[in-house]
Amino acid sequence: MKDHIIQLLQAAVVHLQSQDVLPKTLDFQIQLTHTKSPEHGDYSSNIAMVLAKACGKNPRELAQKIVNAIAPDDQVKKIDIAGPGFINFFVNAATVVDVISNILQEKERFGFDPSRQSYKINIEFVSCNPTGPLHVGHGRNAATGASIANLLLAIGFKVHREYYVNDAGRQMAILATSVWLRYLQSYGASFTFPSNGYKGDYILEIVDALKQQVDDSLIKPIDEVFLNVPADFDETQNSGDKEAHIDAIVSNTQKLLGQDNYDLVFELTLDSILTDIREDLGEFGVEFDEWFSERELLTSGTQQRVLNKLDQLGHIYEQDGARWFRATDFGDDKDRVLQRKNGQFTYFANDVSYHVFKYERGIDKMIDVFGSDHHGYVPRMQAALKALGYSSELGDILDVVLVQFAILYHGEERVQMSTRSGSFVTLRELRQEVGNDAARFFYVMRKADQHLDFDLDLAKSQSADNPVFYIQYAHARICSVYRQLQEQNIVYDEAAGLAVISQLSSSYEQALFRSLASYKDLIERAALAYEPHRLAQYLRDLAHQFHSYYNAQRFIVENGGEMMQARLVLLSAVKQIMVNCLHILGVSAPERM
RNA sequence: GCGCCCGUAGCUCAGAUGGAUAGAGCGUUGGCCUCCGAAGCCAAAGGUCAGAGGUUCGAAUCCCCUCGGGCGCACCA
């Protein structure tokens, strides 16, 4: 319908141009919006005001000329000119019926545009280091990424969801070493645990698993573990170096265990944590199509290939023994090192390779969902892809969604989190406390790049204050109407209802029609802008409209006839849209509560 | 110091590429159940959109400055 009206306007303007009423050299794009208020009709365009200046006419006069030039159309009931020069379209009731019947026919696929099936979008999210359980910060990234992926799927794109597993590098070595140190302690070894080691309780669980597999066969003399190890940082004397300390222990660990046994500890540790993360996310309704291992990337030699390509293109130079990428040529404010003077590739180099890897699999768009504390990283990544000459029909090849931290509250009181003490709140704890539905909803109900005040007490309260319950309650109420129907042996006749649904005329019904009609537009915009919070907003509005309607209107009446059927059809469409929205947000739609 | 994000009702936040009278929820006050789920609804009060300038027919939205907050500025990952 929207496209149809845009065409009408387009044709009218072109017609006026051909009649020399308007200049032929106009550069314009028709904008059409759903109106906020019913008195402004269903759709509104500002085209007359936009073109007024270029045409040397006042907006209302121009609007009148455009309206006169619009061909009569059986879907348009009335066209008004209002305010400073808006052209408002009132749509025939028949088109409202179309929306309802489309929703009921297409169900969960309503809003799906098959023409987008030819585009593949890769979305990478969570991707946190597998060094421990997910905490509440990762939870917001997970909920946001998953909802964006669902949105893109819902409007027709092919979507590939990916988790980048940072399983190479120093942190993982420290982690594996920490496990082994705890293992030694469990057999009575006595020493001070490194301040920079991983101390969480989850390490002890991994130790148990390790012992089941190897018993005491990996025990080594503790003196040798600390042989030639520089002193750890000492807070009281402000001496020592925690980094050098742990690195030396890691090195000794690798020597003492030997490659095979070290690998055994490493793999068992990694596997244990990844399994935990996978289960955690799975329970949270967050699924991935691929878990991509950083180590796989390193063994494939992609970095060298990428470096060579950038070099050939002239975007690399050497300085101080290191190899630099000319990021400043592509909008970054500093050049960046890809290969250090010791020959090692930087994390950035690995990440560029990873993005090349993704690109070469044949995609039209990559999306990275980052914590917003990494926003400084974005320009260099985009610079690298620009330098490689990547482009896409969908605009930039890489879009980055930044997610701000969630701050937890118990009512007024802020929940303190500290990674250092190991006392951070895990995602699992949060889920257990407030439930998956509330967590998924609360995480995305604010714009992703805005701070989120997450009130745990509110999220688990079973009251009207809690938006999740408010929305789910609306859905359950609709379900309840259909249950009542069955109990009273009244037949629901969709066809009969549809036939007369255009006669529903109360303000409640009109409001619901308008909301349903704008749904397609909503998910399209929300998807393309990567803004799932708009769905949360929409859902609340829709639920409110429904509750108002419910309070004012009795649905099941004896001998209700076709008008009763019409109302039931409307409810059915509302229910379907609620289910669709909730599904995209990863929230359940219970039939009773 | 430089860069990015932000400042909207008492509180938490929406405000689509600039559009019509700036909207919700909570909180406050006052109403609505012999009736399909009151976990609901209705009404009232509450605003110089941080401040000042500019662009525009039109600015919460775009540009400049000031003030106030958050986050980044590694041959770490």
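At a glance:
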| read-out | value |
| --- | --- |
| Exclusive hit being over 34 Å from the mean Cα position of the chain (by Cα) and surrounded by 15 or more Cβ atoms within 10 Å (Cβ to Cβ), set A:Ala511, A:Ala499, A:Ala476, A:Ala527 | A:Ala499 |
| Residue check for A:Arg554: surrounded by fewer than 15 Cβ atoms within 10 Å (Cβ to Cβ) and outside any helix (DSSP H, G or I) | yes |
| Within the range A:431-487, helices (runs of 4 or more DSSP H) holding 3 or more residues that are in contact with a helix residue (DSSP H, G or I) (Cβ under 6 Å, 6 or more places away or on another chain) and either among the β-branched types (Val, Ile, Thr) or near RNA strand B (Cβ under 6 Å from one of its atoms) (or both) | A:467-487 |
| Residues satisfying the stated conditions in the range A:513-544, i.e. near RNA strand B (Cβ under 8 Å from one of its atoms) and part of a helix (DSSP H, G or I) | A:Ser518, A:Asp521, A:Leu522, A:Arg525, A:His533, A:Arg534, A:Gln537, A:Arg540, A:Asp541, A:Ala543, A:His544 |
| The range A:518-540 residues that are over 17 Å from A:Ala448 (Cβ atoms), paired with ones that are outside any helix (DSSP H, G or I) and near RNA strand B (Cβ under 9 Å from one of its atoms) (beta carbon under 8 Å, 6 or more apart) | A:Ser518/A:His34; A:Asp521/A:His34 |
| Per-region count, the range A:459-473, residues without any contact (Cβ under 8 Å) to a residue 40 or more places away in the chain and surrounded by 19 or more Cβ atoms within 10 Å (Cβ to Cβ) | 2 |
| All positions within the range A:434-460 that are among the charged types (D, E, K, R) and either in contact with a Gly (Cβ under 6 Å, 6 or more places away or on another chain) or modelled with pLDDT of 90 or more (or both) | A:Asp437, A:Arg440, A:Arg446, A:Lys447, A:Asp457 |
| Residue pairs meeting the criteria (Cβ under 9 Å; at least 6 apart or on separate chains; first among the basic types (Lys, Arg), in the range A:278-294; second surrounded by fewer than 17 Cβ atoms within 10 Å (Cβ to Cβ)) | A:Arg278/A:Trp291 |
| Qualifying positions in the range A:319-354 - assigned to a helix (DSSP H, G or I) and within 14 Å of RNA strand B (Cβ to nearest atom) | A:Ala327, A:Thr328, A:Tyr347, A:Phe348, A:Ala349, A:Asn350, A:Asp351, A:Val352, A:Ser353, A:Tyr354 |
| Enumeration of residues in the range A:278-318 that are within 29 Å of A:Pro133 (Cα to Cα), assigned to a loop (DSSP other than H, G, I, E, B) and open to solvent by 70 Å² or more (accessible area, probe 1.4 Å) | A:Glu287, A:Asp289 |
| When residues of the range A:72-85 are limited to those that are touching a residue at least 60 places away in the same chain (Cβ under 8 Å) and assigned to a loop (DSSP other than H, G, I, E, B), the one most open to solvent (accessible area, probe 1.4 Å) | A:Gln75 |
| Checking A:Asp364 against (1) outside the structural domain of A:Ile316 (by TED's automatic domain parsing); (2) surrounded by fewer than 20 Cβ atoms within 10 Å (Cβ to Cβ), the condition it does not meet | (1) |
| Whichever residue in the range A:397-418 is part of a loop (DSSP other than H, G, I, E, B) and touching a strand residue (DSSP E or B) at 6+ places or on another chain (Cβ under 8 Å) and, among such residues, is nearest to A:Arg161 (Cα to Cα) | A:Ile397 |
| Tally of residues being among the hydrophobic types (A, V, I, L, M, F, W, C) and within 12 Å of RNA strand B (Cβ to nearest atom) across the range A:72-102 | 7 |
| Subset tally (residues that are in contact with a Ser or Thr (Cβ under 9 Å, 6 or more places away or on another chain) and more than 8 Å from RNA strand B (Cβ to nearest atom)) for the range A:550-560 | 0 |
| Residue tally, condition part of a loop (DSSP other than H, G, I, E, B) and open to solvent by less than 60 Å² (accessible area, probe 1.4 Å), over the range A:196-225 | 5 |
| Scope the range A:87-134; condition more than 20 Å from A:Thr33 (Cα to Cα), in contact with a strand residue (DSSP E or B) (Cβ under 9 Å, 6 or more places away or on another chain) and of a type in the set (A, V, I, L, M); matching residues | A:Ile121, A:Ile123, A:Val126, A:Leu134 |
| Hits in the range A:372-391 - residues which are touching a strand residue (DSSP E or B) at 6+ places or on another chain (Cβ under 6 Å) and open to solvent by less than 40 Å² (accessible area, probe 1.4 Å) | A:Ser372, A:Val378, A:Leu385 |
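The values are calculated or read from the model by the stated rules, or taken from the named source; none is laboratory data. All values derive from a computational prediction rather than experimental measurement. Methodologically, a virtual Cβ is constructed for each residue, glycine included, from the backbone with ideal geometry; neighbour enumeration extends over all protein chains shown. These accessible areas exclude ligands, DNA and RNA; they are computed on the full protein's heavy atoms, side chains included. Shrake-Rupley method; radii C 1.70, N 1.55, O 1.52, S 1.80 Å.
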